[in-house]
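A quick write-up on the structure given underneath.
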Amino acid sequence: MNPAVRCQNVVKTYDTGGQKVTALNGINLDIAMGELMMLVGPSGCGKTTLISVIAGILDQDDGSCEVFGEDLLNMRSRDKLNFRARNIGFVFQAFNLLPSLNAAENVSVPLIINGMKRIEAERKAITILEHVGLGERWQSLPSQLSGGQQQRVAIARALVHSPRLIVCDEPTSALDHETGRNVMALLKDVALHKDRTLVIVTHDARIFDFADRIAEMDDGHIIKVKSTK
Amino acid sequence: MNHIALKMLMGDKGKYLGIVMGLTFASLIMTQQPAIFLGIMSRTYSFIADVGLPDIWVMDPKVQFVDDIKPLQDTELYRVRGISGVQWAMPMYKGLLKARLTDGRFQTCNVVGLDDATLIGGPPVMLEGKIDDLRRSDSVIVDIDGARDKLGKPSPTVGGKPTPLKIGDSLELNDRRAIVVGIAKVSRTFQSQPVVYTTYSRAKSYAPRERKLLSFVLVKAKKGQDLAELTRRIHETTGLAAYTQAEFKTLTFEYFIHNTGIPINFGTSVLLGFIVGAAIAGQTFYNFTLGNLLQFGVLKAMGTSNWTLLRMILLQAVLVGSIGYGLGVGLTAVFGFAMRHTILAFKFPWQLLLFSGAGVSLICVFAAIISILKVIRLEPAIVFKG
């Protein structure tokens, strides 16, 4: 069976003021369908660059990265946008909710991007918000919600359009220990199933036990992939 | 996505109001200043507009505008009357004369002498008295603004308003008595001198002794007569300049445009309003986009195309532009309404709405373009940079 994500010899170099910095230096990584993979490592090791490449929002310089069998690098720009809109959900460290939209409106954004009518999208968004325990707060603005609640809204937003891949960047680092674990439990509970893959970049050792596998990165390389089972 | 764009725009009330106020200011300046300019410029030919009956004005060929009087001999009137296509031709005197008021002060007046028999060229609206009263001896009709202000009798109290001149009061024009028999409403002129109407023969007696005193010959064309053809014929026959009313207005208007600093002064105000408005609105709108760059990045990462983001920004620009334009134009209209009874010149034709609309649109397009460029160049990977 094909993996959900297959990275082969992925290289990405940044040009910072005339100086070349290699963020990814020949990454090889397979992530299976239904798997929760964590990318860990020190700051600047290339974790964020790798999930950006996997999510199709950054092009690698060399190598290939196939997501559900599609090579995003060689995809036309329009097709790549559509692919992202349909197949990928995002959860960010700083939540990145639109501050002027209420919770339901925020969650409905991916559906609207995919062409659903606003009313219908918001109705579906409220249903998803109920799944993450915020059914009563659908009218609240992000500023009226706690950090944990905002991250739950962000998770609902990542799930609402039923993507097959969810990429999370430090989803718990802005939260206290207990809230962070609750968010991870929720993520694993509602987001992960056999047809969906989660890739989580984290520093937070307190949540490592939620992973199926952990890939340790350093200096643009994956130095170790270990199973937690 | 339009709903999201509007919510993003109005979510930050401070910035939203800042953009709207910038555009309101620009729209206000770009409408109010030209309206005053047009008001002033329309006063340059208001006397021509007030004399509505004649089709053609005949004058010395060297005349450059309506107040540039170069008198003709009275015989020119008969020459014009003899030209085919002329139904009638009447004399008009127009000149600045000093009036001696009851308190001994002198005031320069615009004296208009009308044909004694027909009184053609008289004031457009009589407020008190009748124009036929000019047939009485020593009679004059004065305009209401002059009667209330410059020709008024001094106030009995220090610093008080002058007592308006009224029917039966007298003044002296060139040592000759003039009795007020009527008060008229006339359009304010560029020089804002009081206007005094009398008969042609009496005006000549008020005027200093000169060989030539005929200012204009007012001509009515026969029915069906082509005016362009008639003006050409009058010019060829008499050597005088002959203009239709519209041509004479244009001649006067263009003289003031080319020979005074008014267009430059007002043009500078309008340009400054445009630049300041563009700077305020453009900068605020750009800052608003910069402030929302991460949000645009999130939308881009989630699969929103540049085209959709461009439409969102354009919608935001169009909305703030429309509101700012509406408020600016509305404020200008309120200003004009509030000033309608004052000396301030104000003219607000529909073309001015188009002019300021185009100016505000230009500002919005400029503001949107610089914002759009930033968003189009935005790497969606920004979303993972915190």
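Each value in this text was obtained by applying a stated rule to the coordinates, not by laboratory testing. This is a predicted model, so every value here is computed, not measured. Glycine also receives a Cβ, built like all others from the backbone with ideal geometry; neighbour counts cover every protein chain displayed.
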Take every Cα pair under 8 Å in the stretch B:116-196 that's 6+ residues apart, average their separations, divide by the length, and report that relative contact order as a whole percent.
40 percent
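Give me the Kirkwood hydrodynamic radius of the stretch A:113-229 in Å, from all C-alpha pairs, to one decimal place?
About 15.5 Å, per the Kirkwood formula over Cα pairs.
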When the scattering of the protein assembly as shown is computed by the Debye formula from its Cα atoms alone, each counted once and equally, what is log10 I(q)/I(0) at q = 0.06, 0.09 Å⁻¹?
-0.56, -0.77
To check my understanding: the extent here is largest minus smallest coordinate of the Cα atoms along each principal axis. What are those three numbers for the stretch B:143-256, in Å, largest first?
59, 30, 28
Using the count of nearby Cβ atoms within 10 Å as a rough guide to exposure, how do B:198, A:228 rank from fewest to most?
A:228, B:198
For the stretch B:7-24, take each phi angle, set θ = phi - 60°, evaluate the Karplus expression 6.51 cos²θ - 1.76 cosθ + 1.60, and give the result in whole Hz per residue in order, putting x for glycine and proline.
5, 4, 5, 8, x, 9, 4, x, 5, 4, 5, x, 5, 4, 5, x, 6, 4
Other chains' Cβ within 10 Å of B:293-300 residues: what's the mean?
4
Which one, B:104, B:22, B:121, has the greatest fluctuation when you compute a Gaussian network model over chain B with C-alpha springs under 10 angstrom?
B:104
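Antiparallel DSSP bridges in the stretch A:5-227: what percent, to the nearest 5?
For the stretch A:5-227, the DSSP antiparallel bridge percentage is about 60.
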Proxy exposure order for B:53, B:119 (fewest C-beta within 10 Å first) is B:53, B:119
Would you count, across chain A, every pair of lysines whose alpha carbons are under 22 angstrom apart, provided the pair is eight or more residues apart or spans two chains?
14
Expressed as a whole-number percentage, the relative contact order of the stretch B:73-239 with C-alpha contacts under 8 angstrom and at least six residues apart is 35 percent
If the cut-off is 12 Å between C-alpha atoms, which aspartates and glutamates fall inside it for residue B:204, apart from same-chain ones fewer than 8 positions away?
B:74, B:115, B:116
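For the ranges B:56-69, A:64-77, what's the packing order if you count other beta-carbon atoms within 10 Å of each residue, average per peptide, and put the highest first?
The packing order, highest mean first, is B:56-69, A:64-77.
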Once the Cβ-Cβ distance between residue A:224 and residue A:75 is put in as r, and R0 is 30 Å, what FRET efficiency do you end up with, to the nearest 0.05?
0.45
Amide hydrogen neighbours beyond the local backbone of residue A:39, cut-off 5 Å, H modeled:
A:200, A:201, A:202, A:215
I'd like the distance between the alpha-carbon centres of the stretch B:167-238 and the stretch B:1-25, rounded to an integer number of Å.
58 Å
Gap separating the Cα centres of the stretch B:46-61 and the stretch B:81-102, nearest whole Å
10 Å
What number, in percent, do you get for the relative contact order of chain B if the mean sequence gap of Cα pairs under 8 Å and at least 6 apart is divided by its residue count?
31 percent
Cα lying deepest toward the dipole's positive end in the protein assembly as shown, options A:151, B:45, B:73, charges on Cβ:
B:73
What is the angle, in °, between the Cα long axis of helix A:103-113 and the longest principal axis of the Cα atoms in chain A? Nearest 10 is fine, range 0 to 90.
60 degrees
Looking at the protein assembly as shown only, what percent of DSSP beta bridges run antiparallel? Nearest 5 please.
70 percent
Per q in 0.13, 0.14, 0.17, 0.21 Å⁻¹, report the Debye log10 I(q)/I(0) for the stretch B:241-386, using one uniform scatterer on each alpha carbon and no solvent.
-0.74, -0.81, -1.01, -1.27
Per-residue average of Cβ from other chains inside 10 Å of B:10-18:
1
If you fit an axis through the alpha-carbon atoms of helix B:262-291 and take the longest principal axis of the Cα set of chain B, what angle between them do you get, 0 to 90°, nearest 10?
10 degrees
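Seen from all sides and averaged, what is the projected area of the convex hull of the Cα atoms in chain B, in nm²?
The Cα convex hull of chain B, projected and averaged over all directions, gives 26.2 nm².
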Using a 10 Å cut-off around each Cβ, can you sort B:136, B:43, B:311 from fewest to most neighbouring Cβ atoms?
B:136, B:311, B:43
In degrees rounded to 10, the 0-90 angle between helix A:118-131 Cα long axis and the longest Cα principal axis of chain A is 80 degrees
Within the P(r) computed for chain A, what percentage of the Cα pairs occupies the region above 31 Å?
20 percent
Per-residue mean of other chain beta-carbon atoms within 10 angstrom of the beta-carbon, peptide A:53-66?
2
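Which value, in debye to the nearest 20, gives the size of the charge dipole of the stretch A:1-117 about its Cα centre, when Lys and Arg are +1 and Asp and Glu are -1 at the Cβ? The partial results should precede the final answer.
On the way: 10 positive and 11 negative charges, 58 e Å.
Dipole of the stretch A:1-117, to the nearest 20 debye: 280 debye.
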